[in-house]
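Below is one structure; the comments refer to it alone.
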Amino acid sequence: MPDLESPTESSPSDSPARRLIELARLFFTLGVVGFGGPAAHIAMMDEEVVQKRKWLSRQHFLDLIGATSLIPGPNSTEMTMHVGYARGGWLGLFVAGVSFIVPAAGLTLALAWLYVAYGTIPDVQPALAGIQSAVLAIILGALWKLGKKAITSPTLGAVALVACIPLIAGIGELPVLFTATIVGALVVWWQRTDRRTPPSDDPGPDGEASDDPRPPSASSALGKTASAALLVAGPLGGATPSLWTLGFFFLKVGAVLYGSGYVLIAFLEGDVVGRYEWLTSQQLLDAVALGQLTPGPVLTTATAVGYFVAGVPGALVATLGIFLPSFLFAGILHPIVPRLRKAAWSAALLDAVNAVAVALMAVVTVRLALATLTGSALWAIFALASGWVLWKKPSVVWVVALGAALGWGASVLGV
């Protein structure tokens, strides 16, 4: 398994091509081990991108999280694109995003083929149980660091605390995000205007490097790699749409999908099962399960649905359709975020959405902890051990791999 450590200082060999290779290597690896959902993905990126490589300052990283929460698409996947843009412009954005998506989409496609061929889903729950404990420690570490940077005043602390209350009560993430952000931004802006205090614009503690304002240009596009798809099982379901129809459907979904990936289920249930009758309810649930079994973004559920409906071409078209809007949104948004930090009203908006984003992450972490640690004392012990190991600053890859091995071992021993 590759070591993700890399030098944090620029060198003469830090060429545009080298940057693209580093982006591809890092995000492909994170795509392979990225279990645990968006909170875990962002925690891993904070560890690798902010702390180890210092490609972004923590303030900019936090601002990107907040800004990404306000646009459609999978937040953690769009964060990979932002990092790619910061390192390599538009080409870096595509390299980072594709590298992160490909492992999850490929694994989902393979599982979908197994499902169609054999009618069952592989049992990987033992490994996932151990991975979740390791991921919990990774998230808690990132939450602490991001929280210290986001909650810089009692007002922002109150915004985050108030946002937690409706989330705990079961109100959806999207209404809370927008309402708490708008109200919080107004309060923060009024307070700063009243006191005549400028918005914070420091690059972050501990000498974190700021972003390179001059992303390298690239004169040639990367060659596209096509995996050998020896997956030939036929499609499921009744009606079989054209690839154009299938691709356009998922393009529309990707362009309007807010909130967590689980919101995708509501879209698919209403159209894929109800309106178009491409799949049955059970087949849709199995496709969702396949998306959850794999690392990376849960939106690779679209890969399984596309395969069930129209085989390998359907899987490729559905995956492209649902993720394409994210590439466009992230590319348009990225140059704007630093400008938002300079104006008083937009800086207040960023600070408020950052505080709310940390609150969302905290609530998700508590839910994950309750689901992970209440089953067995073994997982609680391993979560604590993972936290101690991470404090020693190894790669998150090894912690996740160790979690998977522990999960399988505990299953074999009947623990």
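The values are calculated or read from the model by the stated rules, or taken from the named source; none is laboratory data. As the structure is a prediction and not an experimental result, all values here were calculated from the model. Positions of Cβ are backbone-derived with ideal geometry, glycine not excepted, and every protein chain shown enters the neighbour counts. Just so you know, the surface numbers come from the protein's heavy atoms only, side chains and all, with ligands and any DNA or RNA stripped out. Shrake-Rupley method; radii C 1.70, N 1.55, O 1.52, S 1.80 Å.
Remarks
- Among the residues of the stretch 314-370, the one identified as open to solvent by less than 10 Å² (accessible area, probe 1.4 Å) and without any contact (Cβ under 8 Å) to a residue 24 or more places away in the chain is S346.
- Answer from A40, A17, A67, A112 - the residue that is open to solvent by 10 Å² or more (accessible area, probe 1.4 Å) and either part of a helix (DSSP H, G or I) or closer than 30 Å to G311 by Cα (or both): A17
Listed here are the residues, each with its yes/no results for (1) over 17 Å from the mean Cα position of the chain (by Cα); (2) in contact (Cβ under 8 Å) with a residue 24 or more places away in the chain; (3) within 19 Å of L360 (Cβ to Cβ).
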site	(1), (2), (3)
I42	no, yes, yes
W90	yes, yes, no
V102	no, yes, no
A112	yes, yes, no
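- Qualifying residue in the stretch 268-288 (condition: of a type in the set (D, E), within 23 Å of A142 (Cβ to Cβ) and either open to solvent by less than 30 Å² (accessible area, probe 1.4 Å) or not in a helix (DSSP H, G or I) (or both)): no
- Of all residues in the stretch 45-57, those satisfying the criterion of being in a helix (DSSP H, G or I) and at pLDDT 90 or above are M45, D46, E48, V49, V50.
Yes or no, residue by residue, for (1) modelled with pLDDT of 85 or more; (2) under 30 Å from A302 (Cβ atoms):
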site: M1; (1), (2): no, yes
site: S6; (1), (2): no, no
site: S15; (1), (2): yes, no
site: R19; (1), (2): yes, yes
site: L23; (1), (2): yes, yes
site: V32; (1), (2): yes, yes
site: F35; (1), (2): no, yes
site: L64; (1), (2): yes, yes
site: T77; (1), (2): yes, yes
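- On inspection, V356 qualifies as within 21 Å of the chain's Cα centre (by Cα), under 26 Å from L177 (Cα atoms), of a type in the set (V, I, T) and part of a helix (DSSP H, G or I).
- For the stretch 73-91, a tally of residues being open to solvent by less than 20 Å² (accessible area, probe 1.4 Å) and farther than 12 Å from F327 by Cβ returns 6.
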